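Okay, structure first, notes after.
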Amino acid sequence: MTRQSQKGGEGSNNFQAQEMVVQVGIDEKRAREVFQEMNLQLRKEYTQEALEVANARVSEFENSLMPKMERVEGALEAFADPSFQLLLVEAQKTAAATERPADYDLLSELLIHRFQKGSNRNARAGVSLAIDIVDKVSDEALLGLTVAHAVAQFGPISGGFQKGLNALEGLFGKLLYGELPKGQEWLDHLDVLNAIRLNSFGSMKKIREFYSNELSGYLDVGIEKKSENHEIAIEILSKNNLPKDLLVEHDFNNQYLRIPVANRERIRSLALNRVVMHEGKQRLMSLPLTKDQLSAVDSIYDLYAQDNSLRKGNVDSLMVEWDNHPNLKALRQWWDNIPVALTITSVGKVLAHSNAQRRDKTLPPLN
């Protein structure tokens, strides 16, 4: 969808003479009209007895969808897109077929995702197939799928270990909204719906192993205080105009220092707080590191001690802290008992991510 420099009032029609490009504005009123026009196609598919129920469900879906579309810039314009209209009809069919109120929110999140990824054909296919199974997936299977996706997709951004665990605890506190499924049946159900693929000959990494890699920045041994590598690190920081306190005391071993990141990949997201003048006033601003500074910090990571015994002790300490968080403990007990290895398909990812966003509005869009 292209943007034109010419602007008009709400719901206006703009004409650009030279290229004869016509922009037809879609406001909330017109979007609701389009919604009803597409729904007219469905009404003749139901008997009189079913029509009242179908209309009530589709109306609930409409009332869930429209406020969300209004909040996303440019999203109402999607109602003028033929492919979006066809998908809307499919979503209305699913809404009419489901008695589960949460599905109306889930369908709304899927259509928002479709708008945000409009030019990505893989994403469009995933959304289309996900809409088709919303009314077919069981409550427990959807919950299990969502939690499994969250484990793979989301991690803390905080360089502080306690803040990082608290962030995960808060996330799974929102996502563990029911009793997690056990056994094989929910997995077979998702496999039939093509939301996951099962590998009966493999097994899932346990939470300990999985998060010891994902949270390696909290667990890697670090640099021993007052060692030769400590002196080298301080010199690197000084040469690159970086503060010495970029090295912080290790949470699990006070004889070592570490870079405050959840994992090495997060180094590229580091920023420094600087006092700058803005409109004659001093302001504290967060400024990203330069390319050379990022390279310097990354080189410090190479100075970390390699001691498997110390790292294992750090992981042991992490797991003790992990089990002190009720939602993380519940996640660990469930995850470590999943009987077979699974891979979430593109359809499953879209469905799970939309359900996660339904529960936590702060989550970012699916990449």
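The values are calculated or read from the model by the stated rules, or taken from the named source; none is laboratory data. These figures come from a predicted structure and were not determined experimentally. No Cβ is skipped: glycine too gets one built from the backbone with ideal geometry, and neighbour counts run over all protein chains shown. These area figures cover heavy atoms from the full protein model, side chains too; ligands, DNA and RNA do not enter into them. Shrake-Rupley method; radii C 1.70, N 1.55, O 1.52, S 1.80 Å.
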Name, by its number, the condition in (1) over 17 Å from residue 336 (Cβ atoms); (2) within 21 Å of the chain's Cα centre (by Cα); (3) modelled with pLDDT of 95 or more; (4) of a type outside the set (Lys, Arg) that does not hold for residue 212. (1)
Just for the stretch 198-209: of the residues that are within 24 Å of the chain's Cα centre (by Cα) and open to solvent by 40 Å² or more (accessible area, probe 1.4 Å), which one is nearest to residue 323 (Cα to Cα)? 208
Out of (1) outside any helix (DSSP H, G or I); (2) modelled with pLDDT of 90 or more; (3) not hydrophobic (A, V, I, L, M, F, W, C), the one residue 8 does not meet is (2)
Residue 183 out of contact with any Asp or Glu (no Cβ under 6 Å at 6 or more places or on another chain), more than 26 Å from residue 265 (Cα to Cα) and not hydrophobic (A, V, I, L, M, F, W, C): yes
Which listed residue is open to solvent by less than 50 Å² (accessible area, probe 1.4 Å), assigned to a helix (DSSP H, G or I), modelled with pLDDT of 75 or more and polar (S, T, N, Q), from 39, 55: 39
Any pair with Cβ under 8 angstrom, 6 or more apart, that starts in the stretch 244-257 at a residue that is over 16 Å from residue 226 (Cβ atoms) and ends at one that is open to solvent by 50 Å² or more (accessible area, probe 1.4 Å): 251/162
Being closer than 23 Å to residue 257 by Cα and among the hydroxyl-bearing types (Ser, Thr, Tyr) is the filter here; which residues of the stretch 124-171 pass it? 158
Between residues in the stretch 44-68 that are within 24 Å of residue 114 (Cβ to Cβ) and residues that are outside any helix (DSSP H, G or I) and at pLDDT below 90, which pairs lie under 6 Å by C-beta distance while being six or more apart or on different chains? 54/46
Please count how many residues of the stretch 185-209 are at pLDDT below 95, more than 30 Å from residue 253 (Cβ to Cβ) and not hydroxyl-bearing (Ser, Thr, Tyr). 3
Selection within the stretch 164-197 - assigned to a helix (DSSP H, G or I), open to solvent by 30 Å² or more (accessible area, probe 1.4 Å) and touching a Pro at 6+ places or on another chain (Cβ under 7 Å): 167
Pairs with Cβ under 6 Å, 6+ apart, first in the stretch 306-323 and among the hydrophobic types (A, V, I, L, M, F, W, C), second modelled with pLDDT of 95 or more: 310/221; 315/212; 315/219; 319/208; 322/328
Taking the criterion of being at pLDDT below 90 and part of a helix (DSSP H, G or I), would at least one residue in the stretch 104-119 satisfy it? yes
I need the full set of residues from the stretch 102-131 which are open to solvent by 10 Å² or more (accessible area, probe 1.4 Å), more than 20 Å from residue 71 (Cα to Cα) and in contact with a Lys or Arg (Cβ under 9 Å, 6 or more places away or on another chain), in order please. 123, 124, 128
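Based on what the data block shows, is residue 135 outside any helix (DSSP H, G or I) and either in contact (Cβ under 8 Å) with a residue 24 or more places away in the chain or touching a helix residue (DSSP H, G or I) at 6+ places or on another chain (Cβ under 6 Å) (or both)?
Values: outside any helix (DSSP H, G or I): yes; either in contact (Cβ under 8 Å) with a residue 24 or more places away in the chain or touching a helix residue (DSSP H, G or I) at 6+ places or on another chain (Cβ under 6 Å) (or both): yes.
Against the criterion (outside any helix (DSSP H, G or I) and either in contact (Cβ under 8 Å) with a residue 24 or more places away in the chain or touching a helix residue (DSSP H, G or I) at 6+ places or on another chain (Cβ under 6 Å) (or both)), residue 135 qualifies.
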Identify, please: which residue in the stretch 323-362 is farther than 22 Å from residue 190 by Cβ and basic (Lys, Arg) and is, among those, least open to solvent (accessible area, probe 1.4 Å)? 329
Which members of the stretch 138-163 meet the condition of being in a helix (DSSP H, G or I), surrounded by fewer than 16 Cβ atoms within 10 Å (Cβ to Cβ) and under 14 Å from the mean Cα position of the chain (by Cα)? 152
Within the stretch 216-322, which strands (runs of 3 or more DSSP E) (wholly inside it) include 1 or more residues that are touching a Lys or Arg at 6+ places or on another chain (Cβ under 9 Å) and either basic (Lys, Arg) or open to solvent by 70 Å² or more (accessible area, probe 1.4 Å) (or both)? 271-278, 281-288
